[in-house]
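Notes to accompany the following structure.
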Amino acid sequence: MRVENQVDFGGPWLALELIRRLQLDRFLQSAIGRGNEDVPWATTALVLIVARLCSPSSELHIAEHYYRSTALVELLGVPAKKVYDERLYRALDKLLPHKDALEKHLKNRLGELFDLEYDLLLYDVTSTYFEGEAEGNPMAKRGYSRDKRSDCKQVCIGLVVSRCGMPIGYEVFDGNRHDSTTLRSMVKKIEARYGKANRIWVGDRGMLSKENIDFLKSEGRRYIIGAPKVSLKQLERELLADDWRRIRDGLEVKLCESPDGDGEVFILCRSRDRGEKEAAMHRRFEERIEKELLNIQASCRKRKWKKETIDRRLGRLMSKNSRAAGLFEVDVRQATDGRTSITWLKKQAWREWATLSEGCYMLRSNVTDWTPEELWLAYIQLTEAEAAFRIEKSDLRIRPIWHQRQDRVLAHILVCFLAYVLWKTLLQMVRQAGLGDEPRRVLAELSKISLVDVVLPTSNGIDIRRRCVIRPTEHQAILLERLGLRIPKWKTT
């Protein structure tokens, strides 16, 4: 007996099982429909989604390498020769018009499967950059890059998730949009789709603006939003007081009434670990600035520099080390002989305030019937939205974007969103099965299950060939049992 034509079975099979649980295959068949195409567009769309979850790559790589190296040929019943890049591109075009309906379907289905609550909605924004000029895409613009690729054009993506991180919806914005300008449209979209239920919106400090606060208050919406660090200054007396409430080791909170008496409450938070981190940062930046100031001073003694040159050098120095720039008061003077001198002193008031505020941050809310601990716990759930972006960018490789057309870019992001829904569905299943919080490891382990040709030679020289799934190892069998998954018996050997 010998084994031939081994391909990946476990990963694509698991992805299709997740798709079936979400009834995503049925939805696509109904929404896209069937025309005269040789391969249904719904099926081709499934190829894109499965590939994005299991082995994210370009449409060309999927067509020329990935598809033919997996069991998707057998699982979907589509020969490898019928999956090519142009067909995959056209599947993107067919998928994109159903974005809103897809979001609604998945939100409802996820709620049924996992009994999710949507009383708390977490909203955050990230960016993803382009390779190439993207001249044909009016949304591609330069702006603040979370990927530290300010040299590239980008688009911004606003994502709404539930308190457990399940994605509810997203929107794509121009690459130069500020976070705060996206909140209103996202809230309106969710409310138009699901009504104005008694939910609470949670956003980070990038969402804070007077216009957004007025908008949220205007129709009785409730919110918890981070406030910029500078806002702590108006509550300096509260920071000095001893009436902090310890809610866990190394974390204290306190509730303060808004100085404006407008029905808001401020939640002051003080973290020991965060304080130690910020103190270390202040020391590091202070040392950098002082070292460079000494170098500039020594340089001024050796040769004549124009005052404007030294000013520009100082500007660059303080810009690169802005966290400690306020500590220094620098004086640059040019004498009559043309020599420039530089002196500085450290402001004790700045140091005292920095020491007091290290590790402290503030939240704003109009939820007045919750305890400070409940408000803090709700806000900290924003890490779920941040985790979604990390997975999209690392495991699902949403970046960089190689597509140049706007519609193809939007469709690419939609496929990444759908793959992330599969990821979160697997995570919920893993948690319910008591297998921890690592869907990545479960997917990697089950991806080792292969589909092979088992060849049995006979005495008359004719080989008996059978396409079979290699029997799972003991560890893989335990995973399948705990997850409630079973490989069809007729395909095992």
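Under the criterion of Cα pairs below 8 Å and six or more residues apart, the relative contact order for the chain equals 21 percent.
Rounded to the nearest 20 debye, the dipole magnitude of segment 97-202 is 260 debye, with +1 charges on Lys and Arg beta carbons, -1 on Asp and Glu beta carbons, and the Cα centre as origin. Taking GluC sites (Glu not before Pro) in DSSP loop states with no more than 16 other Cβ atoms inside 10 Å as exposed sites, the chain has its longest site-free stretch at 220-493.
I need the fraction of alpha carbon pairs in segment 340-381 separated by more than 14 Å, rounded to a whole percent. That fraction is 66 percent. In this structure, the amide hydrogen of Glu264, modeled 1.01 Å from its nitrogen in the peptide plane, lies closer than 5 angstrom to those of Ser258, counting only residues at least 5 positions away or on a different chain. Heavy-atom accessible surface of the chain, averaged per residue, reaches 49 Å², computed with a 1.4 Å probe.
Relative contact order, whole percent, for segment 123-199 stands at 27, derived from Cα pairs under 8 Å and 6 or more residues apart. From its DSSP helices (H runs of at least four residues, each -39,500 (n - 2.57)), the chain gives a residue-normalised ellipticity at 222 nm of -14000 deg cm²/dmol. Magnitude of the charge dipole for segment 397-493, about its Cα centre and with charges confined to Cβ atoms of Lys, Arg (+1) and Asp, Glu (-1), is about 200 debye. Projection of the Cα convex hull of segment 369-456, averaged over all directions and equal to a quarter of that hull's surface, yields 10.6 nm².
For Ile401, the residues 5 or more places off, or on other chains, whose built amide H falls under 5 Å of its own are Tyr129, Phe130, Glu131.
Along the axis of the charge dipole computed for the chain (Cβ charges of +1 for Lys and Arg, -1 for Asp and Glu, origin at the Cα centre), the listed residues Asn295, Gln476, Gly169 are led at the positive end by Asn295. If you take all other residues with their beta carbon under 10 Å from the beta carbon of Ile19, and give Lys and Arg +1 and Asp and Glu -1, the sum is +1. Histogrammed with a bin width of 10 Å, the alpha carbon distances of segment 209-325 distribute as 10, 27, 23, 20, 13, 6, 0 percent, first bin at zero.
Mean sequence separation of contacting Cα pairs (under 8 Å, at least six apart), scaled by the length of segment 263-337, corresponds to a relative contact order of 40 percent. Rolling a 1.4 Å probe over the protein heavy atoms leaves Arg205 with an accessible area of roughly 140 Å². With an a/c value of 1.5 or above and a/b not larger than b/c for the gyration tensor axes a ≥ b ≥ c computed over the alpha-carbon atoms, segment 283-327 is described as oblate.
Using the Cβ of Asp395 as centre and a radius below 11 Å, the other residues enclosed give a net charge of +4, where K and R count +1 and D and E count -1. When only alpha carbons are used to place a centre, segment 266-323 and segment 151-223 end up 35 Å from one another. Atom-type composition of the exposed protein surface of the chain places 48 percent of the accessible area on carbon and sulfur (1.4 angstrom probe). If you plug the beta carbon distance of Asp119 and Glu308 into 1/(1 + (r/R0)^6) with R0 = 56 Å, you get a FRET efficiency near 0.45. Checking [x] 28.4, 107; [y] 23.5, 71; [z] 27.4, 92 against Rg and Dmax of the Cα atoms in Å calculated from these atoms, the matching label is [x]. Is segment 100-212 best put as rounded, prolate or oblate by its Cα gyration tensor, with a ≥ b ≥ c the root eigenvalues, rounded for a/c under 1.5, and otherwise prolate when a/b is larger than b/c, oblate when not? Taking the square roots of the gyration eigenvalues as a ≥ b ≥ c, segment 100-212 is prolate.
Between the residues Trp423, Ala433, Ile391, the greatest Cα displacement towards the positive end of the dipole of segment 390-443, with unit charges on the Cβ of Lys, Arg, Asp and Glu, is found for Ile391. Dipole orientation for segment 190-248: of the candidates Tyr223, Gly195, Ala241, Gly195 has the Cα lying most toward the positive pole (charges on Cβ; Lys, Arg +1; Asp, Glu -1).
For segment 31-134, the Cβ-based charge dipole about the Cα centre amounts to some 460 debye (Lys, Arg positive; Asp, Glu negative; other atoms uncharged).
The values are calculated or read from the model by the stated rules, or taken from the named source; none is laboratory data. Note that the coordinates shown come from a computational prediction; the quantities given were computed from them, not determined experimentally. Every residue, glycine as well, gets a Cβ built from its backbone with ideal geometry; the counts of neighbours run over all protein chains shown. These accessible areas exclude ligands, DNA and RNA; they are computed on the full protein's heavy atoms, side chains included. Shrake-Rupley method; radii C 1.70, N 1.55, O 1.52, S 1.80 Å.
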